[in-house]
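The values are calculated or read from the model by the stated rules, or taken from the named source; none is laboratory data. As the structure is a prediction and not an experimental result, all values here were calculated from the model. Positions of Cβ are generated from backbone atoms using ideal geometry, with glycine treated the same way; all protein chains shown enter the neighbour counts. These area figures cover heavy atoms from the full protein model, side chains too; ligands, DNA and RNA do not enter into them. Shrake-Rupley method; radii C 1.70, N 1.55, O 1.52, S 1.80 Å.
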Amino acid sequence: MSDLPDVPELMPVEPTKNPDSVLFVCNHNSIRSPMGEALMRQRHGNHVFTASAGGRVGETDPFVDAVMAELGVDMSNHEPKALEDLDEGYFDLVVTLSPTAHHVALERAVVDATEVVYWPSADPTVVTGAREARLDAYRDVRDRLGERIEALFS
């Protein structure tokens, strides 16, 4: 486990059914939401339409590329995008991964979602120190998202 703080601002919420389409939203579409999108695609392929976006556009993060490559996931084609940049207009489920993203999604009535849920996910960029310690923080976020995605479709 890493030394990431818990995200206490909101209580986590679980969806009520298995969705056919999922949008993952975080602050900048740089770390958490692209991980969620990639993990969903890796595990469920084309069975679930999946996308990701941020409240604002950030920059790609090389630590994301590194920890996802450990699972055989190539993130080189990921381009961060904002909610307003989405071509899609409807999702069965919107999963927000930070308090800010949750509020932005609700305020913008993010597309026509059947359900918006909040999965607290720590920001791994707050961890400092050696490269391996920082990578562990990213792995922790990746693994927790993977567990929640598996639980969603179990």
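Select from segment 47-86 the residues that are part of a strand (DSSP E or B) and of a type outside the set (Gly, Ala, Ser) and list them in ascending order. Passing the criteria: 49, 50.
For the condition over 21 Å from residue 127 (Cα atoms), open to solvent by 30 Å² or more (accessible area, probe 1.4 Å) and modelled with pLDDT under 85, what is the one hit in 14, 9, 84, 79? Please lay out each step first, then the result.
On the way: 9 fails: over 21 Å from residue 127 (Cα atoms); 84 fails: modelled with pLDDT under 85; 79 fails: modelled with pLDDT under 85.
The match here is 14.
Take the conditions (1) at positive phi; (2) modelled with pLDDT of 95 or more; residue 124 misses just one of them, which is (1). For beta carbons closer than 7 Å, sequence separation of 6+ or different chains, a first residue in segment 81-96 that is of a type in the set (Ser, Thr, Tyr) and a second that is part of a helix (DSSP H, G or I) and buried (at least 16 other Cβ atoms within 10 Å of the Cβ), the qualifying pairs are 96/102; 96/105. Scanning segment 126-149 for residues that are assigned to a loop (DSSP other than H, G, I, E, B) and among the aliphatic types (A, V, I, L, M) yields 127, 130. Is it the case, given these coordinates, that residue 92 is open to solvent by 30 Å² or more (accessible area, probe 1.4 Å) and under 21 Å from residue 45 (Cα atoms)? Considered against the rule, which asks whether it is open to solvent by 30 Å² or more (accessible area, probe 1.4 Å) and under 21 Å from residue 45 (Cα atoms), residue 92 comes out as no. Is it true that some residue in segment 38-58 is in contact with a Ser or Thr (Cβ under 8 Å, 6 or more places away or on another chain), open to solvent by 30 Å² or more (accessible area, probe 1.4 Å) and over 19 Å from residue 21 (Cα atoms)? Looking for residues that are in contact with a Ser or Thr (Cβ under 8 Å, 6 or more places away or on another chain), open to solvent by 30 Å² or more (accessible area, probe 1.4 Å) and over 19 Å from residue 21 (Cα atoms), one finds none in segment 38-58, hence no.
Does residue 153 satisfy the condition of being crowded, with 19+ Cβ neighbours inside 10 Å, modelled with pLDDT under 95 and under 18 Å from residue 49 (Cα atoms)? Answer is no for this residue.
Counting only residues that are outside any helix (DSSP H, G or I) and either among the basic types (Lys, Arg) or at pLDDT 85 or above (or both), segment 87-103 holds 8 of them.
Could you list, ordered by first residue, the pairs with Cβ atoms under 7 Å in which the first is in segment 58-70 and within 12 Å of residue 136 (Cα to Cα) and modelled with pLDDT of 95 or more and the second is among the hydroxyl-bearing types (Ser, Thr, Tyr) and in a helix (DSSP H, G or I), at least 6 apart or interchain? If the second residue must be among the hydroxyl-bearing types (Ser, Thr, Tyr) and in a helix (DSSP H, G or I), the pairs left are 63/138; 64/138; 67/138.
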